[in-house]
Amino acid sequence: MERTENLNFNQTDRVAAIGKALSSEIRIQILEALEEQEHNVNELAELLELPASSTAMHVRVLEEAGLIETELRAAVRGSMKMCRKSVDSLMIQLRKEKDEKVEKISMPIGNYVDYHVEPTCGIVSGDGHIDMEDEPAVFYNPRRVEAKLLWFGNGYLEYRFSNASLKKNTLRKLEISAEVCAEDHEYNMDYPSDITVWVNEIEAGTYECPSDFGGRKGRLTPNWWPEQNTQYGELKTWCLKKDGTYLDGKKVTEHGLAEFKLEEQEYISVRIGVKEDAVHKGGMNLFGNGFGDYPQDIVMKMWFS
C-alpha cells in the first residue's frame, strides 16, 4: 500500500530534517534495504559493512525525519531495534501555503452517538476485548469510548462534530479521514466492501475497499491481537469543496459545500458504514489510534479563508 506524504514550506523543521536525512548516500542505502522487509540495526550494519554504532546514528537521523519507524522487540539477549519505512513517497511544494486558519478535530472511534450493526461485530481496546463478540448490544457498553478497533458485518456508526467555528469564519473546505477496511470472520485479501460516508445525511462518497487486510502485522497493532485477524486498513480522505466532494483527490459527487448545510445545526453529523443497496456488502473495520497502520482516530479538518 503506497504511503504518500505532502509537505510545504510551512513545515520548515520537517523539510529541513528530510533534506538532512537524504543528503547521505548511506542513509539512502538504508531506505533501499528497508524497501522489501524490516531489518534490525545489526542486520543493516552487516549489509552496509559499517560499525553498528555508525549505523545506529544514521537510523536515528532517518527516524527524526519521519522516514522510518523503529520498534524495540525482545531478542535472545535483551532487545533489538527493528526498523521499517514509514513513507513510500514525498511531495514537497517549494512554497508556503496561503495564510489561512485550519482547525483539526480528532474523534475517538468509540464516541459514536448512534449505530446499527450486524454480526460479525465487536469492539476492542488497546488491552483486549470490550465485552463479547458478535452481540450488537455491546455497542452500548460505556467502555466503548476506549475503543481502538471496532468492526461489523453490516450497518453504520454516526458521530457528531462541533461546528462552532463555522459561526465566526468562512469555510473553504472540509476533510474527513479514517483508516478502514472490509470485515470478514478472519482477514481475507479477496473480500471487497463498499464503505460510504454521509455528512448531514448527504452522501459524500463511497470507497470500494478490496480487502479485509491481513497477512502482516499492522504497524501499530498490539502483539496480543491474533495474526489471523484483520491487521490494518487504508487511510481514506473525503473532502467537501464548493464544487463537489472528493475521495482521495478524485471527484465523486456534485454535492457542494452549501448543500450540506453545515451551519444549520449545533453539530456536523458524520455517518460511516455500508449502504443497504451496496454492491459489495462486506462490512467494515474502523481503526483508532493504536491499531492498524496510522496513528489517528477519525479526523475532521476545516479550512477557513
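So the values come out like this:
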quantity	calculated
Diffusion constant of segment 4-93 at 10 °C, which comes from Stokes-Einstein with the Kirkwood Cα-pair radius and 1.306 mPa s, µm²/s	117
Cα-derived Rg to Rh of segment 101-304, Kirkwood definition	0.96
Amide proton proximity set for I68, modelled H, under 5 Å, gap of 5+	E63, S86
On Cα atoms only, tilt of 52-64 relative to the major axis of the chain in degrees	20
Unsatisfied cross-links (Cα-Cα over 18 Å) in the set K104/K275; K148/K217; K101/K173	K104/K275
Proximal charge balance of D127 [Cβ under 12 Å; K/R count +1, D/E count -1]	+1
J(HN,Hα) series, segment 250-267, from Karplus relation 6.51 cos²θ - 1.76 cosθ + 1.60, nearest Hz, glycine and proline x	9, 5, 10, 9, 8, 6, x, 3, 4, 5, 7, 6, 5, 9, 6, 9, 8, 7
Tilt relative to the chain, helix 12-21 - C-alpha long axis, 0 to 90 degrees, to 10	40
Karplus (6.51, -1.76, 1.60) ³J(HN,Hα), θ = phi - 60°, over segment 173-190, in Hz, Gly and Pro reported as x	7, 9, 10, 10, 10, 7, 8, 9, 7, 6, 9, 10, 4, 10, 5, 8, 6, 10
In Hz, Karplus ³J(HN,Hα) per residue of segment 139-146 (6.51, -1.76, 1.60; θ = phi - 60°; x = Gly, Pro)	5, 8, 4, x, 6, 4, 5, 8
Under 17 Å from the S23 label point (7 Å along Cα→beta-carbon), backbone N, segment 59-78	59-67
Cβ crowding within 10 Å averaged over residues, with 282-289, 64-71, 41-48 ranked highest first	282-289, 64-71, 41-48
Helix-derived mean residue ellipticity, 222 nm - over the chain, DSSP H n ≥ 4, -39500 (n - 2.57), to 500	-4000 deg cm²/dmol
Linear extension gain, E118 paired with N8, 0.36 nm per residue minus alpha-carbon span	35.3 nm
Computed Kirkwood radius, in angstrom, where 1/r is averaged over Cα pairs of segment 185-305	15.7
Using a Förster distance of 51 Å, the FRET efficiency for E71-A258 (Cβ separation, nearest 0.05)	0.65
Percentage of interatomic Cα-Cα distances in segment 136-242 larger than 23 Å	40
Distance between segment 118-197 and segment 217-275 - C-alpha centres, whole angstrom	10
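Read-outs throughout are calculated quantities, based only on the coordinates presented, and are distinct from any laboratory measurement. None of the values given here were measured: they were computed from a predicted structure. Glycine also receives a Cβ, built like all others from the backbone with ideal geometry; neighbour counts cover every protein chain displayed.
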